[in-house]
Structures are given as structure tokens and as C-alpha cells.
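First up is the structure itself, then whatever we jot down about it.
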Amino acid sequence: MKTSRMLRFLILPALLTFSVHAQTVDTSTLTGKVVCGYQGWFRCEGDGSNNGWHHYAAGKTFEPGHSHIELWPDVSELPQEARVTTPFKHADGRTAEVFSSVHPAVVQLHFKWMREYGIDGAFVQRFAATTRDKRFREPMDQVLAHCQAAAAANGRGLTLMYDLSGIKEDGIQLVIDDWKRLITEKHLDPKASSYFKHHGKPLVALWGLGFNDRAPMLEEWSRLITFLHDDTEFGGCAIMLGVPYYWRTLDHDCIKDPQMHALIARADIVSPWAVGRYGTPLDAASRGDKVLKPDLAWCAEHKVDYLPVLFPGFSWTNLSKSRNQEAKFDAIPRLGGQFLWSQATAAKRAGAQMLYVAMFDELDEGTAIFKTDNHPPVGESRFLAEPELPNDHYLWLTGMLGKLLRSETSDTMPKR
């Protein structure tokens, strides 16, 4: 009896220690991790941001027929004060509600979901072009602060990702100045335990280099990389570059300048943008031999790590309509998760050691994996739904991608 009681006292602390460690991500490396892009860009009229219905719609009008979003968020787990009523109605007459990303309870819930479903962390998007405008910069600062607190509270990892879309040649200094300001004034701590490191250095992501729909800025991009690598006070960082899908062959979506390869060789991680580049599980599976293995071989030769991008599906009918354009509804179907899983198995077989899922909360383009309402509002605006699935299906499946990556489950798509 005494021996059994003694063993129980010895084992219990060990079990408690294991539980605590299991709930905390190892942020010392991105290897073995599944992360998501986190937009955090949703604003509501009256939320204090002065951004109107930012990313829900244009300006102050968010109503049936005037929507930018393709999926409707599930806000049932949010406290009432974090829910925002809208003019939209469900089929049973209930008023449809949304959230504002500037509310701390929203971000806490999202990172809590990451913890509960085994997602390792988030790359928090920061749109460099809008940092020059205080009206947009301050809400982004708020969201980043909420993300830092939520990542720490939930044992998740965090990386700041600068989206360089819309930046002209004189804008690179804007990014440098913003990074300095975040550290000196906004208490961003890249050395914090919840901030992702790679090769022993804080990881910063730069997205949007080399796409052929924007002017090339190779010298300016190089200057930014040099600053983040080498600056004695604000540098010492590892760099992830978000680049075109066809970066290695320098065609299709990529500028045809060989200097792109020299730039990428200076990075620690390269992440080709795959969203919209294929549309079926068969096509995704074929990319393993056609694209991923040659990409990985180039990266191995140049000592750069490779972060493939996966996405659950795609649709932007409402957003396109607001721009007086036509777009097919449910253009890339999710197929209950088969499309997402097919991409993950292709990446795993090709030898990928980390995965980036786009996106956690992207409602506009229908790529969100967080909880959405499978019985969305009805009326003039049409929303994606899979009523046969639970609202957490893609959170669960994204967590399972981590098990696949770490060889803890087979390539066969799991069933719940």
C-alpha cells in the first residue's frame, strides 16, 4: 500500500509536467510545425477602429447584396459583448452576427482553438502599405498585441509576416521604420518564448517578392533582407520569403529575373504561394513530383528550408461582385477536406518538414479553416457551407496535418 501510494506521488507530478509541455509549442524551430496565416483584418462599424466594415464590405454598408465575405463566421462561443449584429438574417429569422478582430476576446478564442486542435501557431499578417496611415496602422497594432497575448496564454507560436503588396521602391524604408517602432514603442519582443525562432534566430516573414503583377524591386528587397539579417540593434533575424509558385522556373506568376534565385538563397525559408494554382485533389497530388520534389532539391542544394502552402478551397464571388466582376461560386471546392488532405500528402511524400495553411480566418476568399456557420444567412448574398460537416471540421483536419507531418498517422484521410 505504501509502495503504491509512493508511486502515485512520484508519477502524478510527471504526468502533470507532461500535460503542461504538451500544451506548449516548441517555438525554437519551424521544423515539424503546422502554422496558419492569420489575417486579423476584420473591422465593424462602431468597434472603435474607425475602419467601417473593413473586409466585411466596402465602407459603412454591409447588408444583403453588399458583402465581401464568402464564408460566415461562427461566433457562438464568443461572449455577447464581442458579437456584432448585422442586417443579415438566418432562415429561421435570427439576426446574423459577426466579430471584429480588434476585440481581444476574439483573438483569444482563435488562439484557444489553435491549442485545442493542435495547430502550432500563426503568421500574423501585417500589410506594409497601410502602416503609413495611422487610421489603419493603429488597429493593426491592436490586433498584433492581442495575438502576442493570446499566443503566450495558449502556448502557441507567433511570427510577424509583412505583406509587401502595394509597396513601391520608396516603401521599403516604411517597413524598416515600422519594425523598429513595433520593437521600441509597441513592445513586440522577437525573443519572447511565444515568438517563433528558426536556426536560433527570431523569424520574420516577407511576403510578395517576385510576383509578375507588380514592379520588381530586387535591390530594395535585398536591402530589407540585409537590415533584418545584419542590423546590430534590430536585426539578427531569420527570414522567410513568400514568393510566386513558379519561383524556381521563373515563369507563369514569377518575374523572369535570375536574381530572384540569388535573393531566395539568402533566406532561411522559402514559401511558394500555391493558392489558386491548382484546383482538384488529382492536380494537387501530381504537384509532388512535378513541383515539390524539384523545389526541395533546389532548397537542399542552397541550404534553404521549404514551407509549402496548402489551402482548403477557394471562392470569391461576393468580393468580385463588389468590384463589378464575375467569379464562379465555389471555384475550388473543398470536398469535405479531400482537397486539403491531398495537398498535405503530396508535400509529405515529397519530403516537406513544415506546412503553412492559408488561412486561419480568411473569409473573403473562402480559405478560412476556423469555425464557420454551415447554416449561414440567406438572401441576396450567397455564402459557402457544408451542412453535413461539423463547424470545426477544418480545424480538426488541420490539426491532423500535424500528425501526418510527424508520421503519427497514415496518408489515408482520417475519419472522425
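Taken per residue, the accessible surface of the stretch 61-118 reaches 39 Å², heavy atoms only and a 1.4 Å probe.
What accessible area per residue comes out for the stretch 290-406, rounded to a whole number of Å², with a 1.4 Å probe? Don't jump to the answer; show the numbers that get you there.
On the way: 4490 Å² over 117 residues.
For the stretch 290-406, the solvent-accessible area averages 38 Å² per residue.
Bridging of residue 60 to lysines at a Cα separation below 25 Å is possible for 89, 134, 321, once same-chain residues fewer than 8 apart are set aside. Of the peptides 153-161, 216-224, the order by per-residue mean of other Cβ atoms within 10 Å, starting with the highest, comes out as 153-161, 216-224.
Among the listed pairs 112/403; 290/348; 256/290; 348/415; 112/371; 191/348, a Cα-Cα separation exceeding 22 Å is found for 191/348. Using all pairs of distinct alpha-carbon atoms, the Kirkwood hydrodynamic radius of the stretch 167-212 works out to 12.4 angstrom.
Mind pulling the per residue volume of the convex hull built on the Cα atoms of the chain? Å³ is fine. Show your work: numbers first, answer last.
Values: hull volume 71.3 nm³, N = 416.
It comes to 171 Å³ per residue, whole-number rounded.
Close amide-amide hydrogen proximity is noted between residue 245 and 273, each under 5 Å apart and 5 or more residues distant or on a separate chain (H modeled in the peptide plane; Pro and chain starts excluded).
Between 302, 103, 187, where does the largest GNM mean-square fluctuation fall for the chain, given springs only between Cα atoms within less than 10 Å? Maximum among the listed residues: 187.
So which residue, out of 228, 401, 389, gets the largest mean-square fluctuation from a GNM of the chain using Cα contacts under 10 Å as springs? Comparing 228, 401, 389 in the GNM, the peak value goes to 389. The GluC sites (Glu not before Pro) of the stretch 331-380 that DSSP puts in a loop, and whose beta carbon has at most 16 other beta carbons within 10 Å, are 380. Projection of the Cα convex hull of the stretch 79-177, averaged over all directions and equal to a quarter of that hull's surface, yields 8.5 nm².
For the chain, carbon and sulfur atoms together expose 53% of the accessible surface, with a 1.4 angstrom probe and every protein chain in place.
Each residue of the stretch 53-64 was assigned a 3J(HN,Hα) from its phi angle through the Karplus curve 6.51 cos²θ - 1.76 cosθ + 1.60 (θ = phi - 60°); the sequence is 8, 4, 6, 7, 6, 8, x, 9, 10, 10, 7, x Hz, with glycine and proline shown as x. Among 226, 317, 345, 184, the sequence by solvent-accessible area, most first, with a 1.4 Å probe is 184, 226, 317, 345.
The values are calculated or read from the model by the stated rules, or taken from the named source; none is laboratory data. This structure is a prediction, so every number in the text was calculated from the model and none was measured. Heads up, the Cβs are rebuilt from the backbone with ideal geometry, glycines too, and the neighbour counts pull from every protein chain shown. What goes into the accessible areas is simple: the full protein's heavy atoms, side chains included, and nothing from ligands, DNA or RNA. Shrake-Rupley method; radii C 1.70, N 1.55, O 1.52, S 1.80 Å.
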